[in-house]
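Asker: Please see the structure below; I have some questions.
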Amino acid sequence: MRFLIFGAGALGSLFGGLLSQRHEVMLVGRRVHMEAIRRNGLKIGGRTNLVVHPTAQEDIAEVESLDVVVLTVKAYDTEGALEALKPFWRKAAFLSLQNGLGNEDLLAERADRVLGGVTNQGVTFVAPGEVYHAGIGDTYIGPYRGTGLEEAAELVEAFSMCGIPSELSEDIRGELWLKTLVNACINPLTGLLEVKNGHILQSTFLTDVVREIVDEGLQVAALQGLHLDREEVLEKVWSIAEATADNISSMLQDLEKGRRTEIDSINGAIVERGREGGVSCPINSLLTNLVKALEEASPAI
């Protein structure tokens with residue numbers, strides 16, 4: 001299959017690199033990272049150790065045809081990415097592996113064939129041309145709009161054969177909400193406290209906060225017609241924190257580098273959807289405001 005990984009930072013580079021072992025892959029990302037990959041290949045360390053040589057470009061000017069666009073840009077860059085990818089709206093399937101709520105809906109407004117995806121892989125950007133695979137987690141893929149289970153199953157097989165453990169989901173919307181609740185717990189707490197994911201498991205104070213984050217999120221999910229089991233959600237948070245204990249969350253990486261975070265698409269999205277349905281989310285609102293205050297204090301943002 002022919003894959004375009006659009007927004008090849010840490011996560012996109014890991015997926016594109018692994019897929020390139022069996023498939024034709026083009027990474028599109030920041031210039032300095034793409035130049036390093038063109039010179040020396042993409043080095044993946046940690047739980048995976050290999051050097052691969054996918055095609056790496058700063059734009060899609062040289063792309064003529066492909067089968068699947070995998071979107072791994074930050075949630076706030078989704079609309080801009082879609083405009084850049086307009087030539088493929090009718091020609092390729094679009095798969096989002098992004099954080100937060102609403103990305104698939106934006107894709108579905110433009111592209112004909114959209115799949116939803118969530119992944120629990122833990123990846124850290126080390127340096128141009130190098131990423132660190134800190135934790136192995138499952139990836140779920142399912143049809144979202146204009147696609148069916150058969151097309152989703154083809155991607156699941158392609159990913160799994162390349163060392164990306166993947167499962168077919170018949171309820172990808174539920175999986176997207178579950179992943180958002182996990183991110184709502186791990187990302188802001190690790191970002192604000194400047195700790196690795198595993199620290200979530202080491203403090204009774206934090207486990208109490210996690211439960212409050214989840215309880216608010218479950219009320220909002222119910223407004224959307226999704227009734228998730230509280231204990232299953234909490235178990236997912238604990239298991240992901242343990243599996244990626246050595247990982248530096250994407251939100252912490254962004255804050256450390258003075259970049260805008262995805263808080264608006266995670267905790268902020270829970271707060272906004274709750275407000276629309278008359279449900280107050282004070283803990284998620286507080287976390288959103290604290291992270292945005294850190295962003296505001298950074299001269300780089």
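Asker: Could you line up I213, I164 from fewest to most neighbouring Cβ atoms inside 10 Å? Let's see the in-between values first.
Answerer: On the way: I213 25, I164 20.
In increasing order of surrounding Cβ atoms, one gets I164, I213.
Asker: How long is the gain from E242 to L286 if the chain were fully straight, where each residue apart is worth 0.36 nm and the alpha carbon distance is subtracted?
Answerer: 13.3 nm
Asker: Hey, can you rank 143-153, 261-271 by average C-beta count inside 10 Å, highest first?
Answerer: 261-271, 143-153
Asker: Within 12 Å, Cβ to Cβ, of M1, how many net charges do the neighbouring residues add up to if Lys/Arg are +1 and Asp/Glu are -1?
Answerer: The answer is -3.
Asker: Can you give the local net charge around G129? Use residues other than it whose beta-carbon is closer than 13 angstrom to its beta-carbon, Lys and Arg +1, Asp and Glu -1.
Answerer: It works out to a net charge of +3.
Asker: Can I ask one more? What is the dipole size for the range 2-170, taken about its Cα centre, with +1 at each Lys and Arg Cβ and -1 at each Asp and Glu Cβ, in debye to the nearest 20?
Answerer: On the way: 15 positive and 22 negative charges, 116 e Å.
Dipole magnitude for the range 2-170 comes out near 560 debye.
Asker: With unit charges on the beta carbons (Lys and Arg positive, Asp and Glu negative) and the dipole taken about the Cα centre of the chain, which residue among T147, C281, Q57 sits farthest to the positive side?
Answerer: Q57
Asker: Along Cα→Cβ, 7 Å out, is where each label goes; now give me the distance between the ones at E194 and K91 in nm to one decimal.
Answerer: Distance between the two pseudo-spin positions: 4.7 nm.
Asker: Sort K179, K236 by Cβ crowding within 10 Å, fewest neighbours at the top.
Answerer: K236, K179
Asker: Nearest 500 deg cm²/dmol is fine: what mean residue ellipticity at 222 nm does the chain get from its DSSP H runs of n ≥ 4 alone, each adding -39,500 (n - 2.57), divided by its residue count?
Answerer: -14000 deg cm²/dmol
Asker: Run the dipole for the range 173-297 about the Cα centre, Lys and Arg Cβ at +1, Asp and Glu Cβ at -1, nothing else charged, and hand back the magnitude in debye, nearest 20.
Answerer: The dipole magnitude comes to about 220 debye.
Asker: Please list, by residue number, everything in the range 57-75 whose backbone N is under 16 Å from a paramagnetic label point 7 Å out along Cα→Cβ of R2.
Answerer: So the set is 57, 60-70.
Asker: Rounded to the nearest 0.05, what FRET efficiency do E35 and R259 have when you use their Cβ-Cβ distance and R0 = 30 Å?
Answerer: So the FRET efficiency works out to roughly 0.90.
Asker: With +1 on each Lys and Arg Cβ and -1 on each Asp and Glu Cβ, and nothing else charged, work out how big the dipole of the range 28-96 is about its Cα centre, in Debye to the nearest 20.
Answerer: 300
Asker: Which ordering of M1, M251 is given by a fewest-first count of other beta-carbon atoms within 10 Å?
Answerer: M1, M251
Asker: Here's something else I'd like to know. Expressed in nm to one decimal, what extension gain is obtained for the pair A127 and T204 from 0.36 nm per residue of sequence separation less their Cα-Cα distance?
Answerer: Numbers: separation 77, 0.36 × 77 = 27.72 nm, distance 3.46 nm.
Full extension of this stretch gives 24.3 nm more.
Asker: If you don't mind, another one. Could you compute the net charge surrounding D264? Neighbours are other residues with a C-beta less than 14 Å from the C-beta of D264; K and R count +1, D and E count -1.
Answerer: -1
Asker: For the chain, please report how many Lys pairs fall under 25 Å Cα to Cα, leaving out neighbours fewer than 8 apart on the same chain.
Answerer: Counting lysine pairs in the chain gives 18.
Asker: Can I ask one more? At 0.36 nm per residue, minus the direct Cα-Cα distance, what do L149 and L50 gain on full extension? Give it in nm, one decimal, please.
Answerer: Working: separation 99, 0.36 × 99 = 35.64 nm, distance 3.18 nm.
Net length gain for the segment: 32.5 nm.
Asker: Also, I was wondering about something else. Say the dipole of the chain comes from +1 at the beta carbon of Lys and Arg and -1 at that of Asp and Glu; which of I263, L18, V209 then lies farthest toward its positive end?
Answerer: L18
Every read-out reported here was derived from the displayed coordinates using simple, explicitly stated rules and does not represent laboratory data. Just so it is clear, the model here is predicted, and its values are computed rather than measured. Counting neighbours? That spans all protein chains shown, and the Cβs are built from the backbone with ideal geometry, glycine included.
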